[in-house]
Amino acid sequence: MHRVVLALRPGTLDRYLLAQLMPPFLVALSVVMSALLLERLLVLFNLLTSGNSHLLTFVGLLATLLPHYLGQALPAALCVSVFSIIRRMSQNEEIDVVNSSGRSLLRMIRPYLQLGAFLGVLSFLLYGFIQPHARYDFRSAFYFASHAGWTPRMQSRLFASPSPDMTFTADRVTQSGSELRHVFIRDIKDGEEHDITAQRGHIRIAEDGNAVEIELQEGMILTTSADHSPTVALFDHSTRYLSHAAQVVPFRQRGEDERELTSPELLMRLATDETTISRPHLLSELHFRLARCLTVPFIPLLATALAIARKRQRDVVGLPAAFIIMVGFDHLIQMAHSMAATGGASVLSIWLAAFVFMALCTVLLLYRSGAFFLLRALLENRLHGEQAPTGRV
């Protein structure tokens with residue numbers, strides 16, 4: 001056990017490689033996350049502007065999206081950062097120096113393999129525990145933001161009736177219908193009529209998301225009823241609710257979609273057979289998560305193999321090839337996942353796609369490191385009875 005600990009303890013080269021990797025990894029992670037979030041950001045911005053939702057609603061929706069896209073961004077950032085570091089070391093002949101010191105290519109990238117294993121465990125936690133809750137939270141928050149009731153938008157000199165007992169208008173409307181000037185409101189409640197005028201008003205969704213409110217400034221309230229004399233009240237600041245979202249149907253419970261279930265919950269559903277979700281969907285989702293996690297540690301092998309350039313040649317296809325392989329594998333395993341969920345194929349199709357990817361990464365690295373040439377030389381020397389050459393892989 002002590003020898004294993006000593007063997008895995010990072011040395012000077014390991015610390016150097018990890019220190020070189022962290023800056024491009026963080027930059028690549030930020031860029032990939034921004035690119036993945038861009039489409040959803042546009043949808044959320046549209047929701048924010050059309051419904052005049054509170055800024056906290058937008059921030060909450062954005063936060064629930066981060067675990068989902070982080071699971072996709074981590075493998076891509078790992079591939080790009082390892083590729084950039086190995087390509088630079090290959091061009092500067094640092095890899096030749098390391099090999100001449102007696103360290104093989106596989107030993108040199110050991111810290112990247114360890115980082116890939118760590119990210120694989122992190123992906124298991126993301127896919128199996130964090131993403132299901134985050135996906136449900138996003139759907140729930142988006143549902144309530146989209147069904148907040150009456151949309152707080154106005155036009156100049158037009159009457160709006162958010163409820164049967166209330167009517168209001170404004171002479172001038174700015175800021176896309178939320179900022180009002182010269183406001184008039186007639187509100188009939190409990191047998192009394194409240195006629196309200198104000199110099200300025202601002203319409204927004206309440207912070208709890210359950211009502212639409214208007215904030216009034218510098219106004220007057222005239223209250224009349226059949227039993228009492230009219231009264232007049234002046235105010236500098238007043239907030240009134242225009243409508244409530246009590247009629248919005250509550251969002252469904254978590255668990256009607258297999259992607260909203262954690263991995264232990266998937267196992268429990270499979271064991272009890274008491275679920276509205278079909279068994280193939282549950283099995284496919286569980287195997288899909290495990291397969292994606294196990295393929296993450298093989299990404300440094302792929303990036304290293306494609307980053308090593310031939311001597312006196314400018315290789316420009318390495319990074320595009322890595323991109324094509326990564327995207328192709330993602331589409332392949334997604335297709336296998338869909339086929340297994342619908343009963344068109346077995347869950348073994350998911351693992352077949354994963355094993356093909358892992359084998360391809362391993363074979364590419366062995367080819368680049370010269371292991372196949374060394375093996376062929378060994379076989380030829382054995383056949384001719386010559387002394388076997390020595391070398392490192």
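Overview of values
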item	result
Within the range 327-366, considering residues that are aromatic (F, W, Y) and in contact with a Phe, Trp or Tyr (Cβ under 9 Å, 6 or more places away or on another chain), the one least open to solvent (accessible area, probe 1.4 Å)	F357
Number of the exception - R392 against (1) farther than 23 Å from R88 by Cβ; (2) at pLDDT below 80	(1)
Test: residue in the range 152-175 that is within 30 Å of G60 (Cα to Cα), of a type in the set (K, R), at pLDDT below 80 and touching a Pro at 6+ places or on another chain (Cβ under 7 Å)	no
Of residues in the range 41-75 being open to solvent by 30 Å² or more (accessible area, probe 1.4 Å) and at pLDDT 90 or above, the one farthest from I130 (Cα to Cα)	Q72
Checking P10 against (1) assigned to a helix (DSSP H, G or I); (2) at pLDDT 75 or above, the condition it does not meet	(1)
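The values are calculated or read from the model by the stated rules, or taken from the named source; none is laboratory data. Only a predicted model underlies this, so the values are computations on that prediction, with no experimental measurement involved. Every residue, glycine among them, receives a Cβ derived from its backbone with ideal geometry; neighbour counts consider all protein chains shown. Ligands, DNA and RNA are stripped out before the accessible areas are found, and what is left, the full protein with its side chains, is counted by its heavy atoms. Shrake-Rupley method; radii C 1.70, N 1.55, O 1.52, S 1.80 Å.
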